[in-house]
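Everything on this sheet refers to the single structure shown next.
The values are calculated or read from the model by the stated rules, or taken from the named source; none is laboratory data. Predicted model, so just to flag it, every value in this text is computed and none were measured. Reconstructed Cβ throughout: ideal geometry from the backbone, glycine too, with neighbour counts over all protein chains shown. For the accessible areas, the whole protein counts, side chains as well, though only heavy atoms, and no ligand, DNA or RNA atoms are used. Shrake-Rupley method; radii C 1.70, N 1.55, O 1.52, S 1.80 Å.
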Amino acid sequence: MPPRIQRHEKIIALVREYNFMPIEQLARQLDVTPQTIRRDINQLCEENILRRYHGGATLGEGLENEDLNTQKTKLQNEKIHIADLIAEHIPDNASLFLSIGTTIEAVAMALVKKRKGLCIITNNIHVASIVSGRSDYTVIITSGVVRPIDGGVTGVATVDFINQFKTDYAVLSASGVDADGSLLDFDYKEVSVMQAMMHNARMCYLGVDHSKFGRNALVRMGDITEFDAVFTDQTPDEAMCKQLEAAGVKWYVAARGIDEE
């Protein structure tokens, strides 16, 4: 196999694993110059495999579409357990924001089974579809532009819409959690939406499975210590636990079934 093709495969594998890879880091790992990586990324972008961001690359629409079904099934049981645990901490007749992501869609399904009389405001058309069957729920979907890849609604109009409300809870997720506690995502428009939800909720819950810890992404959403509670499937490492304790943030670890032990 030609070295260039081998390099392309390695670049794609690294971007797929970490979701965002800086050019300088790719150059170091592949032992080539940054100029070579830029040329590789440009070619992969032309093929719609990668998408160029300032200083690096993330998945292009071609791979995003390919990976969406994989994402929905990845760690599915863990996400279900996290969602069930979050639903236990949402009372009946509460109002809440639900954001984008497969974990949040699992939360929506758990709420439908466990809670009554909710008012749900969401920028996720899949969440809206899940919860709209409950006649005792009020379901409000934001205005904005729909992303075909995941049914997320984003944009300035979305933020303006959210700023009209004050809810009891915001339930959010993140693409990555850096070691310093930074919450990371890839779409600055979606980050703006989640920040608006956090600002307009009395209590903020974060649901993230263990694979999100240590994952890289380009846009900073906020800090894990800005949440009132963190729900995950494995106990965070010692340093992260200390950060959460110092900030007074509670964390909950979802129990696994016997068949998952």
- Given the Cα-Cα distance of V156 and S129 and 0.36 nm per residue of separation, how much length would full extension add, in nm? 7.4 nm
- Taking Cα atoms only, Rg over Rh for the stretch 150-202 with Rh from the Kirkwood formula is 0.98
- Task: Over the chain, consider all pairs of different Cα atoms and compute the Kirkwood hydrodynamic radius from their mean reciprocal separation; express it in Å, one decimal.
- Result: 19.3 Å
- Give, in nm to one decimal, the length gained when the segment between V32 and D180 is fully stretched (0.36 nm per residue of separation minus the Cα-Cα distance). 50.3 nm
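So between R220 and R39, what do we pick up on full extension, going 0.36 nm a residue minus the alpha carbon distance?
Answer, rounded to one decimal: 62.5 nm.
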- Just flag the trypsin sites (Lys or Arg not before Pro) in the stretch 154-256 sitting in loop per DSSP whose Cβ has no more than 15 other Cβ atoms within 10 Å. K166, R256
- Rounded accessible area per residue of the chain, 1.4 Å, Å²: 47 Å²
- Message: I'd like the Kirkwood hydrodynamic radius of the stretch 119-176, using the inverse of the mean 1/r over distinct C-alpha pairs, in Å.
- Response: 12.2 Å
- Run the quick spin-label model on K10 and Y137: label points 7 Å from Cα toward the beta carbon, then report their separation in nm to one decimal. 4.7 nm
- Kindly rank 89-98, 170-179 from highest to lowest mean number of other beta carbons found within 10 Å of each residue. 170-179, 89-98
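Hey, any idea what % of the chain's accessible area is carbon plus sulfur with a 1.4 Å probe?
C and S fraction of accessible area: 50 percent.
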- Site M203, offset 7 angstrom along Cα→Cβ, radius 15 Å on amide nitrogen, limited to the stretch 215-253, gives 227-231, 249-252
- Cβ-Cβ FRET estimate between E46 and Q76, R0 fixed at 25 Å, reported to 0.05: 0.15
